[in-house]
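S.K.: After the structure tokens below, expect a handful of questions from me.
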Amino acid sequence: MPPPEAMICVGAIAGAYGVRGEVRLKSFCAEPAAIEEYAPLTTEDGAHSFTLRVTGQLKNGLTAQLGGVHDKEAADALRGTRLYAPRDRLPGLPDDEYYHADLIGLDVLDTGGGPLGTVAAVHNHGATDLLEIRLPGSAETVLLPFTMAAVPTVDLGAGRLIADPPEGLFPDSGGADLPA
């Protein structure tokens, strides 16, 4: 199995669909049905591998048949399972797009170079991606919109991104005290 950094999460199983082993599938691909092209897909721990055939479309996802899953009970047992594909099977991205896996762990600096934290997770609840930033020396996190205005620079090579967060979003962020 490829090392974890070589694997990209491309979808998650939301539960059973019907009684013949189909699953409801959330695709994290730009073109949702393209998830089929990246199969076989593996679980995060690499213990299971699945062929995948998209069988339909739902309002918030797809329906799919996974190899080796033949009944509702087996499909339901996979609820919440995230599916991964090797990075080299995925298309390259334009300069201003990133795989979520590449953002997690990056240091976050303000526009003056001061540390704001580390990217702990990337969330999307419909409108835009949100970076969950773990504050330095704390378990506390802040959600930062992943927009050009709030994150003007992403430097994967240096392992950091530069943020220009809205005033007051981060506790004690330097920009709030500057004179107008």
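S.K.: Based on what the data block shows, is residue 118 assigned to a loop (DSSP other than H, G, I, E, B), at pLDDT 90 or above and not small (Gly, Ala, Ser)?
M.R.: no
S.K.: Additional query: Which of the residues that make up region 58-99 are among the small types (Gly, Ala, Ser), in a loop (DSSP other than H, G, I, E, B), open to solvent by less than 60 Å² (accessible area, probe 1.4 Å) and at negative phi?
M.R.: 67
S.K.: Next question, about the same structure. Filter region 121-134 down to residues that are surrounded by 15 or more Cβ atoms within 10 Å (Cβ to Cβ) and either among the hydroxyl-bearing types (Ser, Thr, Tyr) or within 17 Å of residue 9 (Cβ to Cβ) (or both), then give me how many there are.
M.R.: Residues meeting the conditions: 5.
S.K.: Still on this structure, I have one more. Anything in region 3-57 that is part of a strand (DSSP E or B), in contact with a Ser or Thr (Cβ under 6 Å, 6 or more places away or on another chain) and small (Gly, Ala, Ser)? List them, or say none.
M.R.: 11, 49, 56
S.K.: Got a sec? Which of 54, 19 is aliphatic (A, V, I, L, M), modelled with pLDDT of 95 or more and farther than 29 Å from residue 156 by Cβ?
M.R.: Numbers: 19 fails: modelled with pLDDT of 95 or more.
Residue meeting the stated conditions: 54.
S.K.: Output the qualifying pairs, or none if there are none: Cβ atoms under 9 angstrom, residues six or more apart or on different chains, first residue in region 89-113 and closer than 23 Å to residue 35 by Cβ and without any contact (Cβ under 8 Å) to a residue 40 or more places away in the chain, second residue surrounded by 10 or more Cβ atoms within 10 Å (Cβ to Cβ) and of a type in the set (Gly, Ala, Ser).
M.R.: These pairs meet every condition: 91/34; 104/120; 104/121.
S.K.: Kindly indicate whether residue 147 is in a strand (DSSP E or B) and either farther than 25 Å from residue 55 by Cα or touching a helix residue (DSSP H, G or I) at 6+ places or on another chain (Cβ under 6 Å) (or both).
M.R.: Details: in a strand (DSSP E or B): no; either farther than 25 Å from residue 55 by Cα or touching a helix residue (DSSP H, G or I) at 6+ places or on another chain (Cβ under 6 Å) (or both): yes.
No: the conditions fail for residue 147.
S.K.: Could you check region 135-157 and list, in sequence order, the residues that are surrounded by 12 or more Cβ atoms within 10 Å (Cβ to Cβ) and free of Cβ contacts under 8 Å to residues at least 12 places away in the same chain?
M.R.: 153, 155
The values are calculated or read from the model by the stated rules, or taken from the named source; none is laboratory data. Predicted, not measured: the structure shown is a model, and the values here were computed from it. Glycine also receives a Cβ, built like all others from the backbone with ideal geometry; neighbour counts cover every protein chain displayed. The protein model used for the area step is the full one, side chains on, heavy atoms only, and it has no ligands, DNA or RNA in it. Shrake-Rupley method; radii C 1.70, N 1.55, O 1.52, S 1.80 Å.
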